[in-house]
Ligand code: BEZ
Ligand code: FE
């Protein structure tokens, strides 16, 4: 038996796990152990700090319910979800629209709506036109693509935060040229849930906890890779400091008023096109 020291322990751990049958599990766990050990050595982790960290993760788990996923929130505020999304984007076609955070307010099976209808008939706020095209990588429109959209109202709240009724969300199908267009309102940015251990961490780090104004999209078409993404409004004060690091330059747009290209010409226009790869 060797005398274990802070370096040998890593090799001994890897050796003990070398019997792992599943190759990918072995790769994932070997790297996790190497990085965790390196982390402890780098910061000279104290026993009380390890316990505090484990207590924090326990609280993150205890905060999870059927409607609240504090672990996903943690992966978002650490930038981990965006690292994984970015790696996934790299595996696809570089011309495809970039991915962004799905977030906890997605509802599967949103109300089906016709092109030109309002996304939020119950919201009393000035309307804008939201429109664009779903295209393949050659720029040809994809007809009958499914475009699911969800967003906050002009006060920064999702429908599910106000009432049972679904609003501010819907599913559209593109026309024969691959175009979609609808009426909606300007979304407002909002705070991520701050009443749990992740919120405590955000406050301890002196961060604001806000997301800039955005509209979520899930775009799918048969034989194409679907994309989960969002459009972000350029003039938002939090555009450079999204707490969940979902913003990237190619997803930022302006609302134009007037907008000569809008298919609903009397409204300010927000154009957002999508490119899907096969
Ligand atoms: C959202 O964009 O809906 C969202 C993302 C992360 C945390 C909270 C909300
Ligand atoms: Fe959101």
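List of remarks:
- DSSP finds beta bridges in the chain, and of those with both partners inside it, around 75 percent are antiparallel.
- Sorted peptide list for 63-70, 212-219, 261-268, criterion being average Cβ within 10 angstrom, highest first: 212-219, 261-268, 63-70
- Counted residue by residue at 0.36 nm each, then reduced by the alpha carbon distance between them, the extension gain from residue 225 to residue 50 reaches 58.9 nm.
- Rounded, prolate or oblate (a/c below 1.5 giving rounded, otherwise prolate when a/b exceeds b/c) for the stretch 208-277 by Cα gyration tensor: oblate
- For the stretch 51-93 and the stretch 200-258, distance of Cα centres in Å: 17 Å
- For the chain, modelled as a GNM whose springs connect Cα atoms under 10 angstrom apart, the maximal fluctuation among 257, 167, 22 occurs at 22.
- GNM flexibility winner over the chain from 48, 221, 31 (Cα, springs under 10 Å): 31
- Within a Gaussian network of the chain (alpha carbon springs, distance under 10 Å), most fluctuating of 113, 166, 45: 45
- Shape of the stretch 16-71, Cα gyration tensor, a/c cut at 1.5: oblate
- Prolate/oblate/rounded call for the stretch 1-120, Cα gyration tensor, a/c under 1.5 rounded: prolate
- Sorting 39, 106 from the fewest to the most surrounding beta carbons within 10 angstrom yields 39, 106.
- For the stretch 139-162 versus the stretch 108-133, the spacing of their alpha-carbon centroids is 8 Å.
All of the numbers you see were taken from the coordinates with simple rules; none came from a lab. Source: prediction; values computed, not measured. All Cβ positions, glycine included, derive from the backbone under ideal geometry; neighbour counts span all protein chains shown.
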